[in-house]
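For reference, the structure discussed in these notes is given below.
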Amino acid sequence: MLRTDFSDLDAWEAVRSAVTRPIGIFKAYVEFLSNPEFDSMTSLQLLTLMKAGSDHSFIFVVDRVTLSDSEYPILVLDLSDHPGRSFRVIPEEMWAVENNLSIANMDFADFADSVDADGVFRGFPMQ
């Protein structure tokens, strides 16, 4: 999880706490990268940077939108199938995205196509 906004340390810590909090038996397995070198980087800049040798197919980004919204919607950026495609996910559902994309159990599109009207993934509807 890459931080690109350094305007609010308390909000960053709140996001980190929310992301690492287990949901039942599930949790997101992420590393936190907080380096001012990435401050204010755009999605396009991150795509260019990540293409230069990354074996990741997606990246979580904590940006200004994340830190300024009470739900902390984290940007998920596709680096593989459709580079640049994105959606947001609330921390409570990040485990589902991370766990399933990491083991290729689901595709990026499965989540991107299941967002709410505001572009945020808040979980799949209960049936």
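The values are calculated or read from the model by the stated rules, or taken from the named source; none is laboratory data. Computed from a predicted model, the values in this text were never measured in an experiment. Positions of Cβ are backbone-derived with ideal geometry, glycine not excepted, and every protein chain shown enters the neighbour counts.
For the structure I just gave you, tell me whether Asp107 is acidic (Asp, Glu) and closer than 16 Å to Thr4 by Cα. The answer is no for Asp107.
Matching residues to (1) under 20 Å from Phe111 (Cα atoms); (2) of a type in the set (Asp, Glu); (3) loosely packed, with under 12 Cβ neighbours inside 10 Å; (4) touching a residue at least 12 places away in the same chain (Cβ under 8 Å):
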position	(1), (2), (3), (4)
Ser17	no, no, yes, no
Gly24	no, no, yes, no
Lys51	no, no, yes, yes
Asp63	yes, yes, no, yes
Val76	yes, no, no, yes
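Is it the case, given these coordinates, that Glu92 is out of contact with any helix residue (DSSP H, G or I) (no Cβ under 6 Å at 6 or more places or on another chain) and part of a helix (DSSP H, G or I)? Break it down stepwise before answering.
Working: out of contact with any helix residue (DSSP H, G or I) (no Cβ under 6 Å at 6 or more places or on another chain): yes; part of a helix (DSSP H, G or I): yes.
Yes.
Of the residues making up the range 42-69, those that are in contact with a helix residue (DSSP H, G or I) (Cβ under 8 Å, 6 or more places away or on another chain) and assigned to a loop (DSSP other than H, G, I, E, B) are His56, Ser57. Among the residues of the range 98-109, none qualifies, meaning not one is touching a Lys or Arg at 6+ places or on another chain (Cβ under 8 Å), surrounded by 16 or more Cβ atoms within 10 Å (Cβ to Cβ) and assigned to a loop (DSSP other than H, G, I, E, B). Residues in the range 110-127 that are of a type in the set (A, V, I, L, M, F, W, C) and not in a helix (DSSP H, G or I) were compared, and the one that is modelled with the lowest pLDDT is Met126.
Is it true that Leu33 is surrounded by fewer than 16 Cβ atoms within 10 Å (Cβ to Cβ), under 13 Å from the mean Cα position of the chain (by Cα), of a type in the set (A, V, I, L, M) and closer than 12 Å to Leu2 by Cβ? So Leu33 passes the test. Considering each residue of the range 2-11 in turn, at least one proves to be part of a strand (DSSP E or B), of a type in the set (D, E, K, R), on the phi < 0 side of the Ramachandran plot and within 13 Å of the chain's Cα centre (by Cα).
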